[in-house]
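For reference, the structure is listed below as structure tokens.
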Amino acid sequence: MSETHDAGQQVDGFEPRIVAFFCNWCTYLAADLAGTSRMKYAPNARVIRVMCSGRVDPQFVMEALAQGADGVLIGGCHPGDCHYQSGNYKALRRYHLLRRMLTDLGVEEKRIRLEWISAAEADKLRDVMNEMVAEIRALGPAHLEVPDESFEELEEVTV
Amino acid sequence: MPEPAARTSGNGNGTPRIGVYVCHCGTNIASTIDVAAAQRAAESLPGVVLSREYKYMCSDPGQEMIKDDIRDHGLERVVVASCSPCLHEETFRTAIADGGINPYFFQMVNIREHDSWVHKDMAAATAKANDLIRAAVRRVRFHQPLEARRVPIDPKVLVLGGGIAGIHAALTLANAGKQVYLVEREPSIGGHMAMFDKTFPTLDCAACILTPKMTQVRNHPNITIWTMSDVVEVDGFVGNYKVKVKHRPRYILEEACVGCLECIDACVFRRGKTPDEFNLGLSKRKPIYIPFPQAVPQVVLIDPDTCIEFRTGKCKKTCIEVCADRNAIDFTQTETFDEVEVGSIVVATGFKAFDAGRLPQYGYGRYDGVYTALEVERLVNASGPTEGKIVLRDGREPERIGIIHCIGSRDKNTNVYCSRVCCMYSLKLAHLLQEKTNAEIYEFYIDMRTAGKGFEEFMLRVKSEGVHMIRGKVSDVYPEAGGTGRVVLQAEDSLAGMVRKIPVDMVVLATGLEPQPDAEDVRRIFNITCAGGGFFMERHPKLAPVSTFTDGVFLAGACQAPKDIPDTVAQAGAAAAEALALIDHGYIELEPNTAYVVAEECSGCKTCLGLCPFSAITRVDGKAQINPVLCKGCGTCVAACPSGAIKQNLFEDEEIYEEIMGVLAHV
């Protein structure tokens with residue numbers, strides 16, 4: 001993190017940075033629909049398109065947090081609606097495990113969020129975006145401790 | 001022409017030469033995003049040898065610019081920041097291929113739908129655009145040359161729903177020489193249109209224009225009609241769907257029945273005792289019956305819930321006696337299934353009329369004189385329960401009739417949308433009722449919505465025929481004092497500025513159109529989306545009105561939104577045309593986004609095997625192997641592979657990590 005701040009306190013001018021992984025068939029299209037409907041929402045999220053929420057490797061979420069994201073949003077199709085039948089269920093399973101692990105690492109639960117948003121639910125997308133930004137703004141910047149040292153030494157040990 | 005610059009290898013380790021293009025989209029993007037600033041920011045990104053802004057990147061000059069730059073500046077990767085990839089990814093990929101490099105050496109950045117259209121603050125929107133462009137530039141360096149997968153299109157088509165939409169789509173396709181399966185859940189095709197008497201605004205007789213089409217469907221060598229059937233399972237993908245259809249028993253052998261209807265007369269029930277579904281309960285039918293005289297197929301059916309043989313097993317079975325050696329009756333029939341392979345599907349499941357009982361203030365089900373519009377369609381119909389005579393439930397002929405518009409439409413307590421057809425059918429019913437009864441007719445409307453060819457003229461005609469138009473919503477329906485059998489309609493006349501209380505003999509409720517009650521199940525089976533109150537969602541409201549987000553599945557008729565017969569037929573024709581375009585193209589190119597296994601890195605742990613919903617992964621010699629034909633590219637196995645041995649084309653781990661780092665990088 002480049003900014004210096006007091007952990008846990010609201011920082012003036014703090015703009016949460018959110019990485020969003022949206023599935024190609026539902027949530028990405030909901031975001032497109034929000035656009036064509038000219039809905040307005042907070043500009044904090046950066047969307048990365050994946051074909052299915054099942055493609056979201058938990059490491060993507062970890063990497064985003066390590067790179068300085070204050071929150072990660074995963075958007076998929078509603079249960080039963082997955083374009084690939086069950087990818088969203090796989091995403092849900094990983095999400096639960098990941099959230100438990102991140103909580104142990106000191107990352108607040110509200111920083112990662114999984115939402116089912118169908119292609120027709122532009123209003124839900126807008127609301128989720130706004131809500132998440134507000135919640136993370138209240139939490140303040142994330143401060144995931146990432147060790148600076150590389151893993152090379154560790155690798156040598158394991159070899 | 002300048003000498004092409006030296007090219008570096010495009011494997012992601014070197015630095016390929018990247019060109020970035022930022023689109024203004026007129027003012028759609030440029031009014032919220034500082035395009036020039038975004039273009040300058042892109043210029044300084046590693047690997048970017050050229051960055052341009054242009055008013056419309058998707059225009060021919062925009063595309064030509066990319067092609068020329070590829071040739072003149074030796075571009076090896078291209079990033080275009082403009083609209084959603086759903087709109088123009090294909091456009092730019094084609095342009096890039098024309099320019100001479102692999103079309104997948106391209107990444108699109110959505111700065112319109114996801115940015116300029118949803119934000120107001122220019123600084124924030126521009127910062128977002130910069131982040132997204134940076135991510136794309138970092139990502140595109142890792143793109144691999146790929147080839148689209150081609151799959152052939154099965155020319156057969158399944159049409160779900162045998163109303164006018166399904167009939168028209170099926171006929172269009174069949175006339176073009178395609179094999180069509182028309183699946184209808186009722187015992188006859190025809191849908192709602194078969195129930196109508198006349199159609200607005202021309203007053204053509206519905207049966208006169210529909211039944212010839214129904215007969216054509218029956219006789220068409222390319223159409224297989226499956227009535228009393230439901231689609232229970234759809235598998236596969238565009239061009240190659242496998243559809244499982246369930247046939248409910250009719251207890252009649254369709255091939256053997258000649259439609260003589262003698263069995264109905266012979267039935268041990270002397271009179272009908274069961275409310276007739278086709279006449280909405282206004283008449284009674286026997287356990288063996290035909291839905292309506294022009295039914296297609298012209299075959300009777302037995303209702304096992306009321307047939308004595310089914311209930312007691314002790315019937316004289318006079319129906320079998322009279323059927324004699326035709327032997328068409330079979331009490332042992334059970335459900336059967338068919339599995340067919342089709343390349344495309346037209347969903348035309350229609351609508352359900354709003355249930356007037358949900359609004360008790362209008363007295364439906366409580367007062368004998370209150371009817372729904374669909375019931376009145378049957379009453380005025382010559383083949384209806386009263387043979388076209390307007391006789392009320394209590395046997396009287398109405399002298400005063402009130403028609404109430406917008407029942408279940410334009411009301412936040414029920415449906416907010418306008419059902420589009422009710423104003424016009426109410427005017428039509430006013431005309432028909434007046435013609436048949438000479439009654440005084442009062443139309444209570446909120447707004448008279450008569451947008452359509454010949455619609456306004458029809459309204460003026462009905463008005464000139466003496467129908468009273470009262471602008472106001474009826475607030476109460478109550479019985480007239482003195483036991484006259486009449487009810488009083490109370491409404492505020494908002495033009496005259498007074499409350500009117502008009503006693504009438506008959507009330508017609510202009511019920512709106514709702515999605516079918518099982519639209520949700522149909523949506524699931526076909527993997528399509530619902531919007532706006534549960535109607536199926538089209539791919540694009542303007543430019544892809546009959547397509548869905550599932551390739552090869554098309555929509556027609558009122559299942560997509562309330563619409564009248566002309567619009568339904570037009571849409572059904574469009575759906576058929578889209579299916580034909582797909583079929584006649586012969587093949588479709590699929591995104592080459594399949595997963596693959598790097599065998600050396602696979603530990604054979606089998607984690608992936610159970611994850612694949614398409615059984616595309618098998619274990620061969622202790623290693624996972626992915627069948628690219630079965631893989632649909634969801635990437636679930638890629639995310640799960642503990643040793644990182646599974647990769648996905650177009651969505652490689654490195655590409656996504658670069659995007660993550662790109663959007664979060666500090667400038």
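A quick yes/no check of all residues on (1) of a type in the set (Val, Ile, Thr); (2) in a helix (DSSP H, G or I); (3) open to solvent by 20 Å² or more (accessible area, probe 1.4 Å); (4) away from every other protein chain (no Cβ under 11 Å):
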site	(1), (2), (3), (4)
A:46	no, no, yes, no
A:78	no, no, yes, no
A:89	no, yes, yes, no
A:94	no, yes, yes, no
A:114	no, no, yes, yes
A:129	no, yes, no, no
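Conditions tested, residue by residue: (1) surrounded by fewer than 13 Cβ atoms within 10 Å (Cβ to Cβ); (2) more than 30 Å from residue B:555 (Cβ to Cβ); (3) in contact with a strand residue (DSSP E or B) (Cβ under 6 Å, 6 or more places away or on another chain).
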{"residue": "B:469", "(1), (2), (3)": "no, yes, yes"}
{"residue": "B:474", "(1), (2), (3)": "no, yes, yes"}
{"residue": "B:477", "(1), (2), (3)": "no, yes, yes"}
{"residue": "B:483", "(1), (2), (3)": "yes, yes, no"}
{"residue": "B:495", "(1), (2), (3)": "yes, yes, yes"}
{"residue": "B:502", "(1), (2), (3)": "no, yes, yes"}
{"residue": "B:508", "(1), (2), (3)": "no, yes, yes"}
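Of the residues B:123, B:136, B:129, only one is within 14 Å of another protein chain (Cβ to nearest Cβ) and open to solvent by 30 Å² or more (accessible area, probe 1.4 Å); which?
Values: B:136 fails: open to solvent by 30 Å² or more (accessible area, probe 1.4 Å); B:129 fails: open to solvent by 30 Å² or more (accessible area, probe 1.4 Å).
Checking each option against the conditions leaves just B:123.
In summary, helices (runs of 4 or more DSSP H) completely within region B:369-471 and bearing 2 or more residues that are aromatic (Phe, Trp, Tyr) occur at B:455-464.
Among the residues of region B:509-539, write down those that are assigned to a strand (DSSP E or B) and in contact (Cβ under 8 Å) with a residue 12 or more places away in the chain. Even if it seems obvious, please write down each step before you answer.
Of region B:509-539, the ones assigned to a strand (DSSP E or B) are B:509-511, B:513-515, B:530-531, B:535-536.
B:509, B:510, B:511, B:513, B:514, B:515, B:530, B:535, B:536 - these are the residues of region B:509-539 that are assigned to a strand (DSSP E or B) and in contact (Cβ under 8 Å) with a residue 12 or more places away in the chain.
With the requirement that a residue be part of a helix (DSSP H, G or I) and either closer than 18 Å to residue B:149 by Cβ or open to solvent by 20 Å² or more (accessible area, probe 1.4 Å) (or both), what does region B:638-657 give you? Even if it seems obvious, please write down each step before you answer.
Residues of region B:638-657 that are part of a helix (DSSP H, G or I), as a first pass: B:638-640, B:653-657.
If the condition is that a residue be part of a helix (DSSP H, G or I) and either closer than 18 Å to residue B:149 by Cβ or open to solvent by 20 Å² or more (accessible area, probe 1.4 Å) (or both), then B:638, B:640, B:653, B:654, B:657 are the ones that fit.
If the condition is being surrounded by fewer than 23 Cβ atoms within 10 Å (Cβ to Cβ) and in a loop (DSSP other than H, G, I, E, B), then region B:351-368 contributes B:355, B:359, B:363, B:364, B:365, B:366, B:367, B:368. Here residue B:303 fulfils each of the conditions (1) buried (at least 23 other Cβ atoms within 10 Å of the Cβ); (2) in contact with a Ser or Thr (Cβ under 9 Å, 6 or more places away or on another chain) apart from (1). The single condition among (1) more than 14 Å from every other protein chain (Cβ to nearest Cβ); (2) within 21 Å of residue A:49 (Cβ to Cβ); (3) among the hydrophobic types (A, V, I, L, M, F, W, C); (4) crowded, with 22+ Cβ neighbours inside 10 Å that residue B:29 does not satisfy is (1). Is region B:194-202 home to any residue that is buried (at least 24 other Cβ atoms within 10 Å of the Cβ), touching a strand residue (DSSP E or B) at 6+ places or on another chain (Cβ under 7 Å) and either in a strand (DSSP E or B) or at pLDDT 95 or above (or both)? Checked against the condition, which is being buried (at least 24 other Cβ atoms within 10 Å of the Cβ), touching a strand residue (DSSP E or B) at 6+ places or on another chain (Cβ under 7 Å) and either in a strand (DSSP E or B) or at pLDDT 95 or above (or both), region B:194-202 yields no hits at all.
Would you mind stating whether residue A:50 is touching a Gly at 6+ places or on another chain (Cβ under 9 Å) and open to solvent by less than 10 Å² (accessible area, probe 1.4 Å)?
Numbers: touching a Gly at 6+ places or on another chain (Cβ under 9 Å): yes; open to solvent by less than 10 Å² (accessible area, probe 1.4 Å): yes.
The answer is yes for residue A:50.
Taking the stated definitions as given, is residue B:409 small (Gly, Ala, Ser), on the phi < 0 side of the Ramachandran plot and within 26 Å of the chain's Cα centre (by Cα)? Yes, satisfied. For region B:432-463, the set of residues classified as over 33 Å from the mean Cα position of the chain (by Cα) and either small (Gly, Ala, Ser) or crowded, with 18+ Cβ neighbours inside 10 Å (or both) consists of B:433, B:437, B:439, B:441, B:442, B:462, listed by residue number.
In this structure, residue B:384 does not satisfy being at pLDDT below 95, out of contact with any Gly (no Cβ under 9 Å at 6 or more places or on another chain), on the phi > 0 side of the Ramachandran plot and open to solvent by less than 70 Å² (accessible area, probe 1.4 Å). Looking across region B:68-82, the residues that are open to solvent by 10 Å² or more (accessible area, probe 1.4 Å) and out of contact with any strand residue (DSSP E or B) (no Cβ under 6 Å at 6 or more places or on another chain) come down to B:68, B:71, B:72, B:76.
In region B:553-562, is there at least one residue being without any contact (Cβ under 8 Å) to a residue 12 or more places away in the chain and either within 30 Å of residue B:474 (Cα to Cα) or not hydrophobic (A, V, I, L, M, F, W, C) (or both)?
First, pick out the residues of region B:553-562 that are without any contact (Cβ under 8 Å) to a residue 12 or more places away in the chain: none.
No - not one qualifying residue is present in region B:553-562.
Residues in region B:38-97 that are part of a loop (DSSP other than H, G, I, E, B), among the aliphatic types (A, V, I, L, M) and under 34 Å from the mean Cα position of the chain (by Cα): B:57 alone.
Sort out which residues of region B:556-579 are part of a helix (DSSP H, G or I) and among the hydrophobic types (A, V, I, L, M, F, W, C), and write them in order of number. Let's see the steps before the verdict.
Residues of region B:556-579 part of a helix (DSSP H, G or I): B:557-559, B:565-579.
Passing the criteria: B:558, B:559, B:565, B:569, B:570, B:572, B:574, B:575, B:576, B:577, B:579.
I need the full set of residues from region A:16-25 which are within 8 Å of chain B (Cβ to nearest Cβ) and either part of a loop (DSSP other than H, G, I, E, B) or of a type in the set (D, E, K, R) (or both), in order please.
First, the residues of region A:16-25 that are within 8 Å of chain B (Cβ to nearest Cβ): A:17, A:19, A:25.
A:17, A:25 - these are the residues of region A:16-25 that are within 8 Å of chain B (Cβ to nearest Cβ) and either part of a loop (DSSP other than H, G, I, E, B) or of a type in the set (D, E, K, R) (or both).
Those residues that are more than 7 Å from chain A (Cβ to nearest Cβ), at pLDDT below 95 and out of contact with any Ser or Thr (no Cβ under 6 Å at 6 or more places or on another chain), I need them from region B:624-641; list them, please. B:627, B:629, B:630, listed by residue number.
Of the residues making up region B:205-227, those that are under 27 Å from residue B:281 (Cβ atoms) and surrounded by fewer than 20 Cβ atoms within 10 Å (Cβ to Cβ) are B:205, B:208, B:209, B:211.
For region A:53-66, the set of residues classified as more than 7 Å from chain B (Cβ to nearest Cβ) and open to solvent by 30 Å² or more (accessible area, probe 1.4 Å) consists of A:58, A:59, A:62, A:66, listed by residue number. Could you look through region A:30-43, keep only residues that are more than 7 Å from chain B (Cβ to nearest Cβ) and either open to solvent by less than 10 Å² (accessible area, probe 1.4 Å) or among the aliphatic types (A, V, I, L, M) (or both), and pick out the one that is farthest from residue A:77 (Cα to Cα)? Residue satisfying both the conditions and the ranking: A:42.
The values are calculated or read from the model by the stated rules, or taken from the named source; none is laboratory data. Keep in mind the model is a prediction, meaning the values are calculated, not measured. Cβ sites come from the backbone with ideal geometry, for glycine too, and all protein chains shown count toward neighbours. The area values use the complete protein model at the heavy-atom level, side chains included, leaving out ligands, DNA and RNA. Shrake-Rupley method; radii C 1.70, N 1.55, O 1.52, S 1.80 Å.
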